[in-house]
C-alpha cells in the first residue's frame, strides 16, 4: 500500500511540475503576443485563466496513471493553481488573497479532475 501511495504522490508532483512549467511558458508567449500586437488589457485575465486551466488538465493527461485518476487529477490541479499563484505573485512582487483565489482553486481542481479522467480514458488505467 505504501508503494502505491508513493507512486500516486510522485505522479501528482510530476503533474504539478509539468503543468506549472507549461503555464509559465504559455503565459510568457502570451505576454510576447500582447506586446507585439498591442492587444487591450481586457483580454489578459480571461486568457490567463484559460491558459492555467488548460495546462493543469494537460499536465494530468501527460502524467496521471493508475487508480483513482480523477482524484489524483483534482489534487494535481489544486497543486498547480497553488504553485502558479505563488510563482506569479513572486514575479509581481505582491500577494493578495480573495474570492478569486478560491474560484481558481475550485476550477483548477475541476480541470485537473477532467484531465485525470481523460488520462484514464486514453491510457486505459495503465
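The values are calculated or read from the model by the stated rules, or taken from the named source; none is laboratory data. Remember, predicted model here, so these are calculated numbers, not experimental data. For neighbour counting, all protein chains shown are included, and Cβ atoms are generated from backbone atoms with ideal geometry for every residue, glycine included.
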Select from the range 1-15 the residues that are modelled with pLDDT under 90 and part of a helix (DSSP H, G or I) and write down the one among them that is surrounded by the most Cβ atoms within 10 Å (Cβ to Cβ).
8
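From 27, 18, 47, grab the single residue that is surrounded by 13 or more Cβ atoms within 10 Å (Cβ to Cβ), closer than 16 Å to residue 87 by Cα and over 12 Å from the mean Cα position of the chain (by Cα).
None of the others qualify; the one that does is 27.
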State the number of residues belonging to the range 97-109 that are closer than 13 Å to residue 59 by Cα and touching a residue at least 40 places away in the same chain (Cβ under 8 Å).
1
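Please verify whether the range 15-22 includes one or more residues that are touching a helix residue (DSSP H, G or I) at 6+ places or on another chain (Cβ under 9 Å), more than 19 Å from residue 119 (Cβ to Cβ) and without any contact (Cβ under 8 Å) to a residue 60 or more places away in the chain.
Looking for residues that are touching a helix residue (DSSP H, G or I) at 6+ places or on another chain (Cβ under 9 Å), more than 19 Å from residue 119 (Cβ to Cβ) and without any contact (Cβ under 8 Å) to a residue 60 or more places away in the chain, one finds none in the range 15-22, hence no.
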From the list 76, 94, which residue is in a helix (DSSP H, G or I) and either free of Cβ contacts under 8 Å to residues at least 24 places away in the same chain or closer than 20 Å to residue 5 by Cα (or both)?
76
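Taking the condition part of a helix (DSSP H, G or I), under 24 Å from residue 118 (Cα atoms), within 14 Å of the chain's Cα centre (by Cα) and in contact (Cβ under 8 Å) with a residue 12 or more places away in the chain, does residue 82 pass?
yes
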